[in-house]
Amino acid sequence: MGTIIALIILIILLITLWPLALALGIGYGLYRLIRYFRKEKYFRSESFLEHKAAIKFAVDEYNDLANYVNSFGELSLTSTANDRFKYAHLASTENTSKHNINRERNTKTVSHNVHQTSLSVVKKAAEEPFKYLTKYFDLKPNEENLNHIQEMAETISRFSNAKTNLNERLAKIEADFNPPKFIKKHYYKELLEKLSIRVPEIHFSIPHYYFEYVSAGGNSSQRTTIKLDEDTLEALAEYLSERIKISKSAKAQRSLMTKKLREFIKNRDSYTCQICSASIAEQSLLLLEVDHIIPVSKGGLSIEDNLQTLCWKCNRSKSNKTA
Ligand SMILES: [Zn+2]
């Protein structure tokens, strides 16, 4: 009885309210249509095109810088690939166990960055990461490896420096442009497209190295991870440097490249490019980098006399010439 009454009430409600629902639907459709035409009108308007022309320079520079960032090299601990895995890509491993799908996660990983080892080494590597990293990834304390570690640290530093700069530039372009609120809210992607801003996909990742133990049956596994970020690499360079036997050559007296030294050089050069004289004082968003006057590959040292501040454009054309 109760359900029949409820059903009757529902039917009455539907009969009386459907015009309201229809009106709401039409209203919303109309709203979307009007918004669409407003948007189209905005993107064709004089003021939009004027604004677009005004920020063209900043946008072009932004895109150019993004390409530059993507040209930074790949990062790997050993400069020449380890022969051990030379043919690894020709074989594949799969877990053939039918009993436990979860075992998938305990399959061994074959990669340059993973060292398969015993549980005790995995644990010790967590206590003394550099000792085990240098031992098992064949990173002998010598000048060549030290230079390579310093190069990696430099690339990471340049990358994070440039990325911060890119974000600041995009924020500034947006602030300068200041589009109508409804455009920003509903048509943001289209706005970037219309302004030819290609927010770049940046292909860059900080390398991780692993010590991994997987039990014979594949039931348990444990990992120690070493993330080679800028700070870790700086400490690793110091570690290697301490272990390089003091030779009588001048190279042994080299100083290490550090965040602090980089900041010192920029400050010494008054945040001014030593080739084109562009400076932070005039362009707040200028990306500055610290350059080895004589490249490390040609025996240049990380000492004050051999370091200079360059803007990214001058640095780019200098490295294109030397390459
Ligand atoms: Zn310059």
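So how many residues does region 283-310 have that are part of a loop (DSSP other than H, G, I, E, B) and more than 12 Å from the ligand (Cβ to nearest atom)?
Matching residues across region 283-310 total 10.
Are there any pairs, at least 6 apart or on different chains, whose C-beta atoms fall under 6 Å, with the first in region 301-323 and under 22 Å from SER255 (Cβ atoms) and the second away from the ligand (no atom under 14 Å from the Cβ) and among the basic types (Lys, Arg), and if so, which?
LEU301/ARG254
Regarding region 206-224, can at least one residue be identified that is open to solvent by 90 Å² or more (accessible area, probe 1.4 Å), at pLDDT 80 or above, away from the ligand (no atom under 16 Å from the Cβ) and among the acidic types (Asp, Glu)?
no
Take the conditions within 27 Å of the chain's Cα centre (by Cα) and in contact (Cβ under 8 Å) with a residue 12 or more places away in the chain and apply them to ALA125. Does it pass?
Spelling it out, ALA125 is indeed within 27 Å of the chain's Cα centre (by Cα) and in contact (Cβ under 8 Å) with a residue 12 or more places away in the chain.
Among the residues of region 32-70, which ones are free of Cβ contacts under 8 Å to residues at least 60 places away in the same chain and under 20 Å from PHE159 (Cα atoms)?
Residues satisfying the conditions are ASP60, ASP64.
Just checking, which of SER277, SER270 is over 21 Å from PHE57 (Cβ atoms), within 16 Å of the ligand (Cβ to nearest atom), in a loop (DSSP other than H, G, I, E, B) and at pLDDT 95 or above?
After ruling out the rest, the residue left standing is SER270.
Among the residues of region 122-146, count how many are open to solvent by 30 Å² or more (accessible area, probe 1.4 Å) and modelled with pLDDT under 90.
8
The values are calculated or read from the model by the stated rules, or taken from the named source; none is laboratory data. These numbers were taken from a predicted model, which means no experiment stands behind them. No Cβ is skipped: glycine too gets one built from the backbone with ideal geometry, and neighbour counts run over all protein chains shown. SASA here: full protein model, heavy atoms, side chains in, ligands and nucleic acids out. Shrake-Rupley method; radii C 1.70, N 1.55, O 1.52, S 1.80 Å.
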